[in-house]
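Asker: I have a structure I would like to understand better, so I am pasting it below and will then ask my questions one at a time.
The values are calculated or read from the model by the stated rules, or taken from the named source; none is laboratory data. Note that this is a predicted model, so its numbers are computed, not measured. Cβ placement follows ideal geometry from the backbone for every residue including glycine, while neighbour counts extend to all protein chains displayed.
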Amino acid sequence: MQRLLAFIEITRPHNMLAASLGVAAGYWIAGGREVGVIWPAVLVTALVTGAGNVINDWYDHSIDRTNKPRRPLPSGRLGRRGAIRFYALLSAAVTILSFFALPLEVAVVVVLWQIALYLYAARFKRAFVSGNLLVAAVTSSAFVVGAMLAGRPAAAVVPVAIAFVFVFSRELVKGAEDVDGDRDAGVRTVAVVMGVERAVMLAVTLMVGLALLLPLPTLTGVYGRRYFYAMELLVVPGLLGGAWWMLKRPSRRTYNRVSWLLKITMFFGILALTLG
């Protein structure tokens with residue numbers, strides 16, 4: 001039972017859910033309403049996200065002994081051999097399901113996700129900024145896949161822009177939290193290269209800037225009042241509160257809590273965009 005739970009935990013189900021909801025939201029925003037069209041993409045997105053998390057932890061097993069010792073691999077609840085086999089199984093399932101259940105252009109995007117997440121774990125995570133940008137790009141493009149299935153990919157422009165800044169900000173916060181283990185392992189995050197204070201200030205600037213710009217889609221007539229109210233009541237407080245918290249009490253514990261706050265706020269953001 002403990003081993004089964006470790007397999008589930010290493011995929012990070014909350015990340016799988018967020019990515020799947022992004023696809024579903026993109027489909028809804030673009031005018032799609034057929035459940036039969038969207039569910040295969042939602043399933044494949046969850047699987048490719050889970051696979052990406054597995055290979056990320058496989059490569060990060062030594063770093064996580066310092067940064068995340070309770071995760072399945074560093075805690076010993078799951079072996080590296082079992083993890084890589086699980087990754088291979090998930091990757092095979094993603095590839096097969098993509099080309100059998102999805103339109104060709106969407107299947108190609110999913111396979112590109114798969115490649116990008118592997119390259120991130122194997123190489124780009126250790127490179128300055130590029131790894132953070134890659135994660136933000138892959139995550140935000142979930143809205144594009146949903147909009148593609150509805151036949152209106154341009155409808156995803158606003159959600160992609162918001163999600164990209166949001167995810168990149170959170171990546172900076174995570175880098176500040178994990179700076180000790182990353183530095184020891186030679187991972188060149190913004191926090192390692194430029195210092196924790198500058199990384200946090202950049203994250204704060206992006207978070208506050210995003211909070212100030214979120215009303216624009218309503219003010220320009222792109223989204224309605226429901227979007228505005230949901231963003232202002234559920235998302236903006238998370239962004240501004242997290243920024244204030246990091247400035248007021250800078251510490252690894254604070255960065256960890258703000259990272260989780262942003263993760264929760266992300267779900268509210270998807271809801272707001274869907275309502276819009």
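Asker: Does the range 137-150 contain any residue that is touching an Asp or Glu at 6+ places or on another chain (Cβ under 7 Å) and under 19 Å from Ile29 (Cα atoms)?
Answerer: yes
Asker: Could you run through the range 168-192 and say how many residues are surrounded by fewer than 21 Cβ atoms within 10 Å (Cβ to Cβ) and assigned to a helix (DSSP H, G or I)?
Answerer: 4
Asker: Which ranges mark the helices (runs of 4 or more DSSP H) fully within the range 202-276 that have 1 or more residues being among the polar types (S, T, N, Q), at pLDDT 95 or above and surrounded by fewer than 18 Cβ atoms within 10 Å (Cβ to Cβ)?
Answerer: Those helices (runs of 4 or more DSSP H) span 252-275.
Asker: Would you be able to tell me the number of residues in the range 142-156 that are under 17 Å from the mean Cα position of the chain (by Cα) and surrounded by fewer than 24 Cβ atoms within 10 Å (Cβ to Cβ)?
Answerer: Of the residues in the range 142-156, 1 are under 17 Å from the mean Cα position of the chain (by Cα) and surrounded by fewer than 24 Cβ atoms within 10 Å (Cβ to Cβ).
Asker: Does Pro74 qualify as being surrounded by fewer than 15 Cβ atoms within 10 Å (Cβ to Cβ), farther than 18 Å from Val42 by Cα and not aliphatic (A, V, I, L, M)?
Answerer: So Pro74 does not fit the description; no.
Asker: Does the range 208-227 contain at least one residue that is under 16 Å from the mean Cα position of the chain (by Cα) and of a type in the set (S, T, N, Q)?
Answerer: So far as the range 208-227 goes, no, none of its residues is under 16 Å from the mean Cα position of the chain (by Cα) and of a type in the set (S, T, N, Q).
Asker: Please specify each residue of the range 1-15 satisfying the condition of being surrounded by fewer than 16 Cβ atoms within 10 Å (Cβ to Cβ) and out of contact with any Lys or Arg (no Cβ under 9 Å at 6 or more places or on another chain).
Answerer: Met1, Leu4, Ile8, Pro13
Asker: Criterion first (farther than 27 Å from Leu273 by Cβ and either of a type in the set (D, E, K, R) or modelled with pLDDT of 95 or more (or both)) does Arg33 satisfy it?
Answerer: no
Asker: Hey, among Ala107, Ala30, Ala18, Ala41, which residue is in contact with a Lys or Arg (Cβ under 6 Å, 6 or more places away or on another chain) and within 25 Å of Ala150 (Cβ to Cβ)?
Answerer: After applying the criteria, what remains is Ala30.
Asker: Still on this structure, I have one more. Only one of (1) out of contact with any Ser or Thr (no Cβ under 6 Å at 6 or more places or on another chain); (2) free of Cβ contacts under 8 Å to residues at least 60 places away in the same chain; (3) more than 23 Å from Asp60 (Cβ to Cβ) is not met by Met207, so which one is it?
Answerer: Single failed check for Met207: (1).
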